[in-house]
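K.L.:
Here it is: the structure, laid out below.
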Amino acid sequence: MHVSRHIKRIYISLFAVIPFLLSGLPVHAFEPYISTYISPAYPHPFETFTVELSSYTTDLDQAYITWSIDGIVQASDYGMKTFQSQAGASGVAQTISAAIAVGNESYIKSFTVTPGKVDIFWEAIDASTPPFYRGKALPAAGGVVRVFAIPDITNMSGERIAPDTFDYTWSRNGFTRDVRNQSGYGKSTLSLRKDILTDNETVTVLVESQSLKITGSASIVIPATEPEIIFYAQHPLYGTLYASALEGPVTIPEGEETTIIAEPYFFSRDNMSDLSFEWFANGKPATPRWDYPNALTIEASEGARGIVPLSITISSPEHVLQSITESLSLLLQNSSEATFF
Amino acid sequence: MKPSLKTTIFLIIGILLAILVIWFAFSFFRNTSQHNTSVPFFNFFAGNNDTIDGGFTQNNTDDNDGEYGTPSDTDEDILPPLLFQVFSEPVSGATIVTLPNTTALNTHKSAENTPQSAVRLIERATGHVFLVPFNTLKSKRITNTTIPGIYDSFWDTTGEYVFTRSAAETTIKGIGMQIVEGDEDPDSIGAITALYGHDNILDTDTNPSRDALYILKEADTGARGMIVSFDGSSYQDVFYSPFSEWLIDWAEDEYVYLTTKASATVPGYLYYTRIGDSTLYPLLSEKNGLATRVNSYGTKVLFSESTRDTLSLSILSNKKETSLPFNTLPEKCVWDETGIELYCAVPFRLQSATYPDDWYKGIISFNDGFWYMNTETGEYMFLASPETYGAQIDAVSPTLSEDGNYLLFINKKDMTPWVLNIAEALGRINY
């Protein structure tokens, strides 16, 4: 029984080899394992990339290696394990071949490089900034971040492939498991909550078109940001003077009142009421304006003189690590007679 | 002992002289006090020496309601200096308009029958609209409808329609308005009429011909763009993006340019999109702290990027990047209508800071000089130093007059509008 099964296997093997014998090609009963490594793995259009061969079973240093692009020989030498080239335009495929001759045997490794560019960027969707702030909102620990991928990949005809026709595979800090449900066909955005234990987080997206055999990839680091408090003066007629942040000591002329705004930058919130504000003046709690908890109005009474330390703690009750205290000194003419309301 | 007649006469003369001296001193100190109260409040709080000196032509808005005043109490036209402050109070935006002769009240014989340039502006404290002709530099109040809290404004080319924006807690709301002038009676005051409104605005810009607005608004997830005619008679949804943190630049009538908001250590991207299409086509990518300004043909992009604790300015043209000989933020620059010449407010010194974040937050302020550059020939030229005119300027919102002769901008330090006579600075025209 056992003998007949072995004989059957030998016959099958022989029949499999016959076509190669008839074609005259060398047959290698055990083809050496040669791996190729491309860096970067998914070159952008016109980007220089490097191909490297490695093998644990064959001494490639003794091999005569000939490199070709689309059938045209580019370089050759003994032990030439690396080859550098430049990718073509977006969507234009290049076939890279390495002919490896070792002793009397030779092997060919071929692969195709089709460059595609993918942009990846993010926004901290719940990070606080003043309404007219032109800078980027940055995410604090626990903040919600939305990541976007925009592939700029064209087909062989030079036509741009619609972003919603690609398959997107997202990974977070090298792992796909946490964000697997957000990967898939046409899923070009990823939402995540910034980890409170990890400073910088890396998000990677792999963008593939199965039908066109084009793949692109991009990564981005989302930094950890500390929330900030910046003080501004609020003018009764001109509004908050965002052009000039206050630095102490801030002089308040005798008999005048001033409103100080403590602007929370990069706290997680939808509305100002999502944050808590605790003001202190001269070490004692001070009551902010009822309508703007980040605004404190100070009146310098007649004859007042002295420096008043002012501080505020802003916290996001839902995010334990988002709590900051900032101080500002006020120069009054008599601190004991200052009135806070 | 009874004083002699001679002594009495000397005593009377002495008393009269003393009264005269006291009267002069009182008048002097009263004037000084009035001058000081015109210094904007927030300079005092800035904690630095940003107060504006009076050593240049400065328009006074006091006592000018309803009629033109004259800077030297005469009706003669004046020749404005190279760089001049148009209005001494903070504004919520301004535009240069061309006046017909009848409105300009032109009395300068050599300038008769020639149109006059003027600035139309919104006073920040009141929302009143003023007109300041360059040939008098005296402001005339056009409307007295009080609208406090206007942060900035976008004007159509005629200055008749304006889109104002204000803060609404954590968002921005906008109102389109029409300015209706009074009748020909010099004492007549016009009014400003609200036409339409928009909430949850992310960014706004006008097209090059300034007859329409592009308003980017918050969507359920992301942003949507719409084109609105200045009079509010038509609007059209033209764009949707799941990403919302865009700054828009409607540089060409057919295309809108979108730049991701900038931070020093975050890679920024610039795209363009055809009006009516939401497809984003990349122009610049992965540049930290990227800020941009595109010319009106889409052929050149002025951009800055953050490098260590400073920033660098370059131009992208024909896919080639070229560094410029000076460094500033692109929003402090304006392209001329040829798309070749640039006018920039350039800080004399870029202190070590996190750019552009610290400038946006008001942590740092610039002291600018004004530069010209021809981006084809590489020729560049220093135009003016505000310090020569006794002022320190951190310029924002630069715009050119239609004839290209004047550069209008707002001084971020005190929100007052200024004009640079660039034609004169370049030696191109005479008055």
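K.L.:
From the list B:F130, B:F163, which residue is more than 14 Å from every other protein chain (Cβ to nearest Cβ), under 17 Å from B:D203 (Cβ atoms) and not in a loop (DSSP other than H, G, I, E, B)?
P.N.:
Values: B:F130 fails: under 17 Å from B:D203 (Cβ atoms).
Going through B:F130, B:F163 in turn, just one is more than 14 Å from every other protein chain (Cβ to nearest Cβ), under 17 Å from B:D203 (Cβ atoms) and not in a loop (DSSP other than H, G, I, E, B): B:F163.
K.L.:
Kindly provide the set of residues from region A:281-296 that are over 19 Å from A:I230 (Cβ atoms) and either in contact (Cβ under 8 Å) with a residue 60 or more places away in the chain or within 14 Å of chain B (Cβ to nearest Cβ) (or both), ordered by number. Please lay out each step first, then the result.
P.N.:
So the first thing to find is which residues in region A:281-296 are over 19 Å from A:I230 (Cβ atoms), and the list is A:282-285, A:287, A:290-291.
Hit for region A:281-296 is A:D291, nothing else.
K.L.:
Separate question: Looking at A:P285, A:P253, A:P264, which one is surrounded by fewer than 16 Cβ atoms within 10 Å (Cβ to Cβ) and not in a loop (DSSP other than H, G, I, E, B)? Working first, answer last.
P.N.:
Working: A:P253 fails: not in a loop (DSSP other than H, G, I, E, B); A:P264 fails: surrounded by fewer than 16 Cβ atoms within 10 Å (Cβ to Cβ).
Every option except A:P285 fails the conditions.
K.L.:
Here are A:A89, A:A63, A:A99: which of them is buried (at least 22 other Cβ atoms within 10 Å of the Cβ), farther than 30 Å from B:Y355 by Cβ and hydrophobic (A, V, I, L, M, F, W, C)? Steps first, answer last, please.
P.N.:
On the way: A:A89 fails: buried (at least 22 other Cβ atoms within 10 Å of the Cβ); A:A99 fails: buried (at least 22 other Cβ atoms within 10 Å of the Cβ).
Unique residue meeting the criteria: A:A63.
K.L.:
Looking at (1) within 14 Å of another protein chain (Cβ to nearest Cβ); (2) under 27 Å from A:P139 (Cα atoms); (3) surrounded by fewer than 19 Cβ atoms within 10 Å (Cβ to Cβ), which one does B:K320 not meet, given that it meets all the others?
P.N.:
Tallying (1) within 14 Å of another protein chain (Cβ to nearest Cβ); (2) under 27 Å from A:P139 (Cα atoms); (3) surrounded by fewer than 19 Cβ atoms within 10 Å (Cβ to Cβ), B:K320 fails exactly one: (2).
K.L.:
Report yes if B:T171 is surrounded by fewer than 16 Cβ atoms within 10 Å (Cβ to Cβ) and farther than 30 Å from A:F266 by Cα, otherwise no. Lay out the reasoning, then the answer.
P.N.:
Values: surrounded by fewer than 16 Cβ atoms within 10 Å (Cβ to Cβ): yes; farther than 30 Å from A:F266 by Cα: no.
Against the criterion (surrounded by fewer than 16 Cβ atoms within 10 Å (Cβ to Cβ) and farther than 30 Å from A:F266 by Cα), B:T171 does not qualify.
K.L.:
Do we have any residue at all in region B:297-317 that's over 27 Å from the mean Cα position of the chain (by Cα), away from every other protein chain (no Cβ under 11 Å) and crowded, with 18+ Cβ neighbours inside 10 Å?
P.N.:
As a first pass, look at region B:297-317 and keep what is over 27 Å from the mean Cα position of the chain (by Cα): B:307-309, B:317.
Narrowing further to those that are away from every other protein chain (no Cβ under 11 Å): B:307-309, B:317.
Now restrict to residues that are crowded, with 18+ Cβ neighbours inside 10 Å: none.
Among the residues of region B:297-317, not one is over 27 Å from the mean Cα position of the chain (by Cα), away from every other protein chain (no Cβ under 11 Å) and crowded, with 18+ Cβ neighbours inside 10 Å, which makes the answer no.
K.L.:
Quick one: A:L206 ticks every box in (1) on the phi < 0 side of the Ramachandran plot; (2) surrounded by fewer than 20 Cβ atoms within 10 Å (Cβ to Cβ); (3) in contact (Cβ under 8 Å) with a residue 24 or more places away in the chain bar one, so which box is it?
P.N.:
A:L206 satisfies all of (1) on the phi < 0 side of the Ramachandran plot; (2) surrounded by fewer than 20 Cβ atoms within 10 Å (Cβ to Cβ); (3) in contact (Cβ under 8 Å) with a residue 24 or more places away in the chain except (2).
K.L.:
Check whether at least one residue in region B:351-359 is small (G, A, S), surrounded by 15 or more Cβ atoms within 10 Å (Cβ to Cβ), over 24 Å from the mean Cα position of the chain (by Cα) and closer than 26 Å to A:E228 by Cα, and report yes or no.
P.N.:
The first filter runs over region B:351-359 and keeps only residues small (G, A, S), leaving B:352-353.
Cutting the leftovers down to surrounded by 15 or more Cβ atoms within 10 Å (Cβ to Cβ) gives us B:353.
Those left that are additionally over 24 Å from the mean Cα position of the chain (by Cα): B:353.
Those still in the list that are closer than 26 Å to A:E228 by Cα too: B:353.
The answer is yes, given that some residue of region B:351-359 is small (G, A, S), surrounded by 15 or more Cβ atoms within 10 Å (Cβ to Cβ), over 24 Å from the mean Cα position of the chain (by Cα) and closer than 26 Å to A:E228 by Cα.
The rows are residues; the columns are (1) in contact with a helix residue (DSSP H, G or I) (Cβ under 8 Å, 6 or more places away or on another chain); (2) within 14 Å of chain A (Cβ to nearest Cβ).
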site	(1), (2)
B:F366	yes, yes
B:W371	no, no
B:Y380	no, no
B:S385	no, no
B:P398	yes, no
B:N405	yes, no
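K.L.:
Enumerate the strands (runs of 3 or more DSSP E) found wholly within region B:353-425, keeping only those where 2 or more residues are aromatic (F, W, Y).
P.N.:
Numbers: elements: B:368-374, B:380-384, B:395-400, B:406-411, B:416-421.
Ranges flagged: B:368-374, B:380-384, B:406-411.
K.L.:
Can you name every residue in region B:138-159 that is closer than 23 Å to B:P90 by Cβ, in a loop (DSSP other than H, G, I, E, B), away from every other protein chain (no Cβ under 14 Å) and not hydrophobic (A, V, I, L, M, F, W, C)?
P.N.:
Keep residues of region B:138-159 that are closer than 23 Å to B:P90 by Cβ, which gives B:138-156, B:159.
From what is left, the residues that are in a loop (DSSP other than H, G, I, E, B) are B:138-139, B:142, B:144-151, B:156, B:159.
The next check asks that each one be away from every other protein chain (no Cβ under 14 Å); those that pass are B:138-139, B:142, B:144-145, B:156, B:159.
Once the filter is applied, which keeps residues that are closer than 23 Å to B:P90 by Cβ, in a loop (DSSP other than H, G, I, E, B), away from every other protein chain (no Cβ under 14 Å) and not hydrophobic (A, V, I, L, M, F, W, C), region B:138-159 yields B:K138, B:S139, B:N144, B:T145, B:D156, B:G159.
K.L.:
For A:G303, all conditions in the list (1) under 42 Å from the mean Cα position of the chain (by Cα); (2) more than 14 Å from every other protein chain (Cβ to nearest Cβ); (3) surrounded by fewer than 19 Cβ atoms within 10 Å (Cβ to Cβ); (4) modelled with pLDDT under 90 hold save one; what is the number of the exception?
P.N.:
(1)
K.L.:
Suppose we filter B:L283, B:L270 for residues that are within 13 Å of another protein chain (Cβ to nearest Cβ), under 19 Å from B:I215 (Cα atoms) and among the aliphatic types (A, V, I, L, M); which single one remains? Steps first, please.
P.N.:
Values: B:L283 fails: under 19 Å from B:I215 (Cα atoms).
Going through B:L283, B:L270 in turn, just one is within 13 Å of another protein chain (Cβ to nearest Cβ), under 19 Å from B:I215 (Cα atoms) and among the aliphatic types (A, V, I, L, M): B:L270.
K.L.:
Any idea which of (1) surrounded by fewer than 19 Cβ atoms within 10 Å (Cβ to Cβ); (2) within 10 Å of chain B (Cβ to nearest Cβ); (3) free of Cβ contacts under 8 Å to residues at least 60 places away in the same chain; (4) not in a strand (DSSP E or B) is the one A:V221 doesn't satisfy?
P.N.:
Failing condition for A:V221: (4).
K.L.:
Residues in region B:245-258 that are buried (at least 20 other Cβ atoms within 10 Å of the Cβ) and either more than 10 Å from chain A (Cβ to nearest Cβ) or over 26 Å from the mean Cα position of the chain (by Cα) (or both): how many?
P.N.:
Applying the first criterion (buried (at least 20 other Cβ atoms within 10 Å of the Cβ)) to region B:245-258 yields B:245-252, B:256-258.
The next check asks that each one be either more than 10 Å from chain A (Cβ to nearest Cβ) or over 26 Å from the mean Cα position of the chain (by Cα) (or both); those that pass are B:248-252, B:256-258.
Residues meeting the conditions: 8.
K.L.:
Could I ask something else about it? Can you tell me which residue is farthest from the chain's Cα centre (by Cα) among those in region B:361-403 that are surrounded by 16 or more Cβ atoms within 10 Å (Cβ to Cβ) and at positive phi?
P.N.:
B:G362
K.L.:
Residue check, A:L190 against (1) under 26 Å from A:E318 (Cα atoms); (2) within 14 Å of chain B (Cβ to nearest Cβ); (3) in contact (Cβ under 8 Å) with a residue 40 or more places away in the chain; (4) not in a strand (DSSP E or B), all met but one. Which one?
P.N.:
With (1) under 26 Å from A:E318 (Cα atoms); (2) within 14 Å of chain B (Cβ to nearest Cβ); (3) in contact (Cβ under 8 Å) with a residue 40 or more places away in the chain; (4) not in a strand (DSSP E or B) applied to A:L190, the lone miss is (4).
K.L.:
Identify all residues within region A:145-177 that are more than 11 Å from chain B (Cβ to nearest Cβ), within 15 Å of A:P223 (Cβ to Cβ) and not in a loop (DSSP other than H, G, I, E, B); write none if there are none.
P.N.:
A:V145, A:R172
K.L.:
Let me ask you something else. How about region B:174-199: which of its residues are surrounded by 16 or more Cβ atoms within 10 Å (Cβ to Cβ) and closer than 25 Å to A:D126 by Cα?
P.N.:
B:G174, B:H198
K.L.:
OK, next. Which condition does A:G174 not pass, out of (1) under 14 Å from the mean Cα position of the chain (by Cα); (2) in contact (Cβ under 8 Å) with a residue 40 or more places away in the chain, if it passes all the others?
P.N.:
Against the list (1) under 14 Å from the mean Cα position of the chain (by Cα); (2) in contact (Cβ under 8 Å) with a residue 40 or more places away in the chain, A:G174 comes up short only on (2).
K.L.:
Name the residues in region B:383-408 that are aromatic (F, W, Y) and in contact with a Phe, Trp or Tyr (Cβ under 6 Å, 6 or more places away or on another chain), would you? Explain how you work it out, then say what you get.
P.N.:
Step one: of region B:383-408, the residues aromatic (F, W, Y) are B:389, B:406.
Scanning region B:383-408 gives a single hit, B:Y389.
K.L.:
Condition first: closer than 26 Å to B:K319 by Cα and of a type in the set (S, T, Y). Now tell me which residues in region B:229-272 satisfy that.
P.N.:
Selection gives B:S241, B:Y255, B:Y257, B:T259, B:T260, B:S263, B:T265, B:Y269, B:Y271, B:Y272.
K.L.:
Ok, one more. Restricting to region A:268-280, name every residue that is out of contact with any Asp or Glu (no Cβ under 6 Å at 6 or more places or on another chain), surrounded by 14 or more Cβ atoms within 10 Å (Cβ to Cβ) and either more than 21 Å from A:L241 (Cβ to Cβ) or within 11 Å of chain B (Cβ to nearest Cβ) (or both).
P.N.:
Narrowing region A:268-280 to residues out of contact with any Asp or Glu (no Cβ under 6 Å at 6 or more places or on another chain): A:269-280.
If we keep only those that are surrounded by 14 or more Cβ atoms within 10 Å (Cβ to Cβ) as well, we get A:269, A:272, A:274-275, A:277-280.
Those that are out of contact with any Asp or Glu (no Cβ under 6 Å at 6 or more places or on another chain), surrounded by 14 or more Cβ atoms within 10 Å (Cβ to Cβ) and either more than 21 Å from A:L241 (Cβ to Cβ) or within 11 Å of chain B (Cβ to nearest Cβ) (or both): A:R269, A:M272, A:D274, A:L275, A:E278, A:F280.
K.L.:
May I ask you to list the residues in region A:111-144 that are farther than 19 Å from A:D270 by Cβ, hydrophobic (A, V, I, L, M, F, W, C) and facing chain B (nearest Cβ under 8 Å)?
P.N.:
Step one: filter region A:111-144 for residues farther than 19 Å from A:D270 by Cβ, giving A:111-121, A:134-135.
Within this subset, residues satisfying the condition of being hydrophobic (A, V, I, L, M, F, W, C) are A:111, A:113, A:118, A:120-121.
Scanning region A:111-144 gives a single hit, A:F121.
K.L.:
Take the residues in region A:178-187 that are over 12 Å from A:S209 (Cβ atoms) and away from chain B (no Cβ under 14 Å), then tell me which one is surrounded by the fewest Cβ atoms within 10 Å (Cβ to Cβ).
P.N.:
Initial filter on region A:178-187 (over 12 Å from A:S209 (Cβ atoms)): A:178-184, A:187.
After this cut, where a residue has to be away from chain B (no Cβ under 14 Å) as well, the list is A:178-181, A:183-184.
On the way: A:D178: 13, A:V179: 20, A:R180: 12, A:N181: 9, A:S183: 16, A:G184: 11.
Ranking the candidates gives A:N181 first.
K.L.:
I'm trying to understand the selection: among the residues of region B:388-430, which are within 18 Å of B:V334 (Cα to Cα) and among the β-branched types (V, I, T)? Outline the logic, then answer.
P.N.:
Going through region B:388-430, the residues within 18 Å of B:V334 (Cα to Cα) turn out to be B:393-412, B:417-426.
Within region B:388-430, B:I393, B:V396, B:T399, B:I410, B:V419, B:I422 qualify.
K.L.:
Then there's this: Would you point out which residue out of A:Y37, A:Y42 is more than 17 Å from A:V102 (Cα to Cα) and touching a Gly at 6+ places or on another chain (Cβ under 9 Å)? Break it down stepwise before answering.
P.N.:
Details: A:Y37 fails: touching a Gly at 6+ places or on another chain (Cβ under 9 Å).
Exactly one of A:Y37, A:Y42 is more than 17 Å from A:V102 (Cα to Cα) and touching a Gly at 6+ places or on another chain (Cβ under 9 Å), namely A:Y42.
The values are calculated or read from the model by the stated rules, or taken from the named source; none is laboratory data. Since the model is a prediction, treat every value here as computed from it, not as a measurement. Positions of Cβ are backbone-derived with ideal geometry, glycine not excepted, and every protein chain shown enters the neighbour counts.
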